[in-house]
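Below is one structure, written out as structure tokens; the observations come after it.
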Amino acid sequence: MEIKAIRGFNDILPDEIGKWQFVENTAREIFEGFGFSEIRIPILERTELFSRGIGEATDIVEKEMYTFSDRSGNSLTLRPEATASMARAYLEHQLYTFDPVAKLYCLGPMFRYERPQKGRYRQFYQIDAEVFGVGNPMVDVEVILMLIHFLRRVGLEKLELQINSLGCPICRPRYREELKTFLTKRSFQLCEDCQRRLQTNPLRIFDCKVETCQEAIADAPKVSDFICPECQDHFEKVKKYLEMAGLVYILNPRMVRGLDYYTRTAFEVVSYQLGSQNAVTGGGRYDNLFQEIGGMDIPGIGFAIGMERLISLMPKEKEFIQRPHLFIAAMGGETQREAYQIINQLHLEGIRTELDYEGKSLKSQMRRADKLKARYALILGEEELKRGKAILRNMETKSQEEIPVGDLLSVLKKKVLL
Ligand code: AMP
């Protein structure tokens, strides 16, 4: 029986990879320009990092983690997100001793056992950026500005920035109680999961997609009406700095984000082109995460962008396929040997070159050059080669010229690498 990939785990094929590399390279370029450094963290962590960091009563920890025991009986989990691991690395390697402020980003796969559908997979890729060690609302907006700048640079349009304040451990418990009282009166409308959430973590009911649950919370009290004066002040400053940065936002009092560690600022960038899974990216402040995972009182803020959703929104017309710079059509005998020498030399110079290894007819070789969308073709005929010459054909304009074989590298460098 043919072995297939696991459900929800995708291959990213060569014809799509150009977009992925473009997105990744743009992220690196922009984030580093904003003073961020890359960090690479393990894919496996101890389970308690996520259960304590993300919160026991969240969907991710309750239902979605790939958790298993290793051969020594340790409970390990495939990372469902990167923030907790980045915070762990910052503490473990005492990055704060060099400078208390760390601006870090990371790219890579995350794993959640969710129901696969369009825009939702079990292995998916995220780009994460985090700032540890600054509680000032200025940095909230610095991070949001970097995010929006990045999304625009990769060609996304019609985006909406939504913000909310989730309060802090001082003011949120009061809101939680209000919400619980409100929803207890409507508990008959709640699905089985939300009946349970009502006891364990009523804020998570906002994330539920079941229609009757959505109806039940429609008139629920808003977290932003319960935040303490310090959180209110923080939120006002965020709004002011957003305006100073020229960023348009919408207040979304229902956005609570699916992870427990968020405090104060929460934000999402949504695209209505995406249907129900419309959040391209989400993030916020998490000033308690470090304490949850056993560290000191260190504030943090960051975001995670879903690569698959981002890529599905990118402009279709942009060309990302890696086209060969040159296709060498050799006409047999000595020309084949010459072609082989040329291709090896050009590859060392970074010129993408393709060759026909099968000794096919010129016509079929040119057909392949066309199919591969090669920019130039070098036609090596025995007669010309005796004179040390070859024909270089521009595959777009169809014009051709005879050039000395010895000049090929310098001619191509001018034409394709500039
Ligand atoms: P979260 O870590 O849940 O805040 O998600 C951040 C971003 O990751 C979302 O806005 C999505 O773009 C993406 N994302 C989250 N879960 C999935 C998934 N199962 N499949 C694909 N993308 C996802």
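The values are calculated or read from the model by the stated rules, or taken from the named source; none is laboratory data. Since the structure is predicted, the reported quantities are computational estimates derived from the model, not experimental observations. Here the Cβ is made from the backbone with ideal geometry for all residues, glycine too, and neighbour counts use every protein chain on show. Side chains are part of the model used for accessible areas, which takes the heavy atoms of the whole protein and leaves out ligands, DNA and RNA. Shrake-Rupley method; radii C 1.70, N 1.55, O 1.52, S 1.80 Å.
Residues that are in contact with a Pro (Cβ under 9 Å, 6 or more places away or on another chain) and either among the small types (Gly, Ala, Ser) or within 20 Å of Leu348 (Cα to Cα) (or both) within region 367-410 comprise Ala369, Ala374, Arg375, Tyr376, Gly388, Ala390, listed in sequence order.
Scanning region 178-203 for residues being open to solvent by 50 Å² or more (accessible area, probe 1.4 Å), farther than 30 Å from Arg309 by Cβ and modelled with pLDDT of 90 or more gives a total of 8. Listed by position, the strands (runs of 3 or more DSSP E) inside region 279-390 whose residues that are of a type in the set (Asp, Glu) and free of Cβ contacts under 8 Å to residues at least 40 places away in the same chain number at least 1 are 353-355. Taking the numbered list (1) over 26 Å from Ile39 (Cβ atoms); (2) of a type outside the set (Asp, Glu); (3) open to solvent by less than 60 Å² (accessible area, probe 1.4 Å) in turn, Lys118 passes all entries but (3).
When region 27-46 is filtered for residues that are open to solvent by less than 20 Å² (accessible area, probe 1.4 Å), outside any loop (DSSP other than H, G, I, E, B) and not small (Gly, Ala, Ser), the ones remaining, listed by number, are Ile30, Phe31, Glu45.
From the list Ile311, Ile301, the one residue that fits, being within 16 Å of the ligand (Cβ to nearest atom) and either surrounded by fewer than 17 Cβ atoms within 10 Å (Cβ to Cβ) or under 11 Å from the mean Cα position of the chain (by Cα) (or both), is Ile311.
Set side by side, the residues Asp233, Asp225, Asp260 differ, and just one is among the acidic types (Asp, Glu) and under 23 Å from the mean Cα position of the chain (by Cα), which is Asp260. Contact map, region 79-97: first residue within 11 Å of the ligand (Cβ to nearest atom), second residue polar (S, T, N, Q), Cβ cut-off under 6 Å, separation 6 or more or different chains; pairs are Arg79/Ser85.
Matching residues to (1) of a type outside the set (A, V, I, L, M, F, W, C); (2) exposed (fewer than 12 other Cβ atoms within 10 Å of the Cβ):
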site: Pro315; (1), (2): yes, yes
site: Arg323; (1), (2): yes, no
site: Ala339; (1), (2): no, no
site: Thr353; (1), (2): yes, no
site: Tyr357; (1), (2): yes, yes
site: Ala377; (1), (2): no, no
site: Glu383; (1), (2): yes, yes
site: Arg387; (1), (2): yes, yes
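Please work out if Ser410 is over 14 Å from Ala329 (Cα atoms), small (Gly, Ala, Ser) and surrounded by fewer than 18 Cβ atoms within 10 Å (Cβ to Cβ). Yes: the conditions hold for Ser410. Only one of the numbered conditions (1) open to solvent by less than 10 Å² (accessible area, probe 1.4 Å); (2) in contact with a helix residue (DSSP H, G or I) (Cβ under 7 Å, 6 or more places away or on another chain) is not met by Leu151, and that is (2).
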